[in-house]
1. Can you tell me which residues in segment 61-103 are closer than 20 Å to N117 by Cα, of a type in the set (A, V, I, L, M, F, W, C) and over 22 Å from the mean Cα position of the chain (by Cα)?
2. Name the pairs: first residue in segment 96-115 and assigned to a helix (DSSP H, G or I), second residue surrounded by fewer than 15 Cβ atoms within 10 Å (Cβ to Cβ), Cβ to Cβ under 6 Å, at least 6 apart or on different chains?
3. Quick one: is V5 closer than 22 Å to D106 by Cβ, at pLDDT 60 or above and among the hydrophobic types (A, V, I, L, M, F, W, C)?
Amino acid sequence: MRVTVVLLAAIATSLGLVDPIDGTLGDINNNGKRFLRRQKPSEDDDADVDDSDVDEERINASKLRDLVDGKTRKQFDHWGKQKLSPSRVWDKLEGLSETNRKKVYDWYFKDIYRNGNWRR
């Protein structure tokens, strides 16, 4: 019993002398800021570009509003790089009214698709 008491006393006093390894070292990026979500990558991606698969039929409402307002460059460039046909773009514009859908579709058809001659 004396051995266990001495052993426990030795452990208790030595714990105060040991510096623990800081667990947050892996959670700090190059700028010194902490990552609150470790599962997300640290590099900055362009959040304005729709990086979903070509088969994805929906885009979010804010991107649809931007398209109607004429802010089409990033989205149209992305679709143009994927060589999306105008019929596929028509399907992606499903959340818009008929007149706005037709307007954005015509912009894509005339500017990017160019009647079958893709803009390069």
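1. The answer is W90, and nothing else.
2. Listed by first residue and then by second, the contacts come to I112/R119.
3. Working: closer than 22 Å to D106 by Cβ: no; at pLDDT 60 or above: yes; among the hydrophobic types (A, V, I, L, M, F, W, C): yes.
Criteria not met by V5.
The values are calculated or read from the model by the stated rules, or taken from the named source; none is laboratory data. Keep in mind it's a predicted model, so treat the numbers as computed, not measured. Ideal geometry is used to build each Cβ from the backbone, glycine not excepted, and the neighbour counts take in all protein chains shown.
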